[in-house]
Amino acid sequence: MVEWISSNPIFAVALACAGGSALLVIWFLVRRPLLTHATKLVLLMAIGILPIATATTGNVAGFEATKTREFCGSCHVMTPYSDDSNDVHSTTLASRHARNKLFGDENCYGCHANYGMYGTVLTKLGGLRHVYLYVLDYRNTSLADARKSIHIRTPFQNSTCMHCHSTEAPIWNAVKEHASLLPRLRDGSISCASSGCHGPAHPFSKVPM
Amino acid sequence: MTALRVSAVLTLLGLALMVWSIVAPTPLPVMLAMTLGQLFGTVAFGIYLVVVVRDIRRARAAAK
């Protein structure tokens, strides 16, 4: 854990602010000093400035944490997906992207995020909806039932793939299937993740149950 | 002073939730930190501000 925290200075700042605030608050609770100007200033740090700094850096750390595959896989219904991504022998799109250093531990977010102007906000709102549904409806669902009942909400957009694979590169257009299907790929009438092309993205996507 | 002690305890609770979300970033701690943790922190700071502003007003009134 120490290695993980030291790998990101934001975590260290958040924990330092929280520690400093906690020490000052405990000092106030134990010593019970009179409410002098000095006490007010100490409490301003302990109850105001340091906790606000902790909340701010903690939010940043939290938002970063929600991008990781470990976070997505922490809901049990998602473990088959994260296990597949972790499988170095898997040939699914998800797993191959997980082995790409540009995606790495954030391959779920990399492919399922929105990339528009409000993409990050919309993605986080979608994530909140996932947590809400998980807590209320799917917390006790078996994996077998989850595979039958949980599906992607809207069809996967080719524009997400095109965020990296722009369809402009000569090497991409040198593939004859790409070149012949270019208009249909760009307008989304054929999915990049179709079976027979690059899909399915996960080992159990679009497989009849 | 009782109000300030309540504020201090709320601060500790809020900090605990925030730290929990940092060391164990799974859905439950992260959601709790961003909702209850920040609510506790905001209420605690609000109580502090009310107490301090009242104290300053009292001190000014007494000086007059």
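The values are calculated or read from the model by the stated rules, or taken from the named source; none is laboratory data. As the structure is a computational prediction, the values presented were derived from the model and not from experiment. Heads up, the Cβs are rebuilt from the backbone with ideal geometry, glycines too, and the neighbour counts pull from every protein chain shown.
Overview of values
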| quantity | calculated |
| --- | --- |
| Only listed residue being touching a helix residue (DSSP H, G or I) at 6+ places or on another chain (Cβ under 8 Å), within 22 Å of A:HIS76 (Cα to Cα) and either at pLDDT below 90 or surrounded by 13 or more Cβ atoms within 10 Å (Cβ to Cβ) (or both), chosen from A:ALA193, A:ALA201 | A:ALA201 |
| Residue match in segment A:44-64 (condition: among the small types (Gly, Ala, Ser), farther than 20 Å from B:PHE40 by Cβ and under 30 Å from the mean Cα position of the chain (by Cα)) | no |
| Qualifying residue in segment B:50-64 (condition: surrounded by fewer than 20 Cβ atoms within 10 Å (Cβ to Cβ), closer than 28 Å to A:LEU136 by Cα and more than 7 Å from every other protein chain (Cβ to nearest Cβ)) | no |
| Residues (surrounded by 11 or more Cβ atoms within 10 Å (Cβ to Cβ) and not in a loop (DSSP other than H, G, I, E, B)) located in segment A:130-142 | A:HIS130, A:VAL131, A:TYR132, A:LEU133, A:TYR134, A:VAL135, A:ASP137, A:TYR138 |
| Qualifying positions in segment B:1-36 - touching a residue at least 40 places away in the same chain (Cβ under 8 Å) and facing chain A (nearest Cβ under 9 Å) | B:LEU4, B:SER7 |
| Meets criteria (over 30 Å from A:GLY199 (Cβ atoms) and away from chain B (no Cβ under 11 Å)) for A:ALA38 | yes |
| Selection count, segment A:70-104, where residues are out of contact with any Leu (no Cβ under 9 Å at 6 or more places or on another chain), within 12 Å of chain B (Cβ to nearest Cβ) and assigned to a helix (DSSP H, G or I) | 4 |
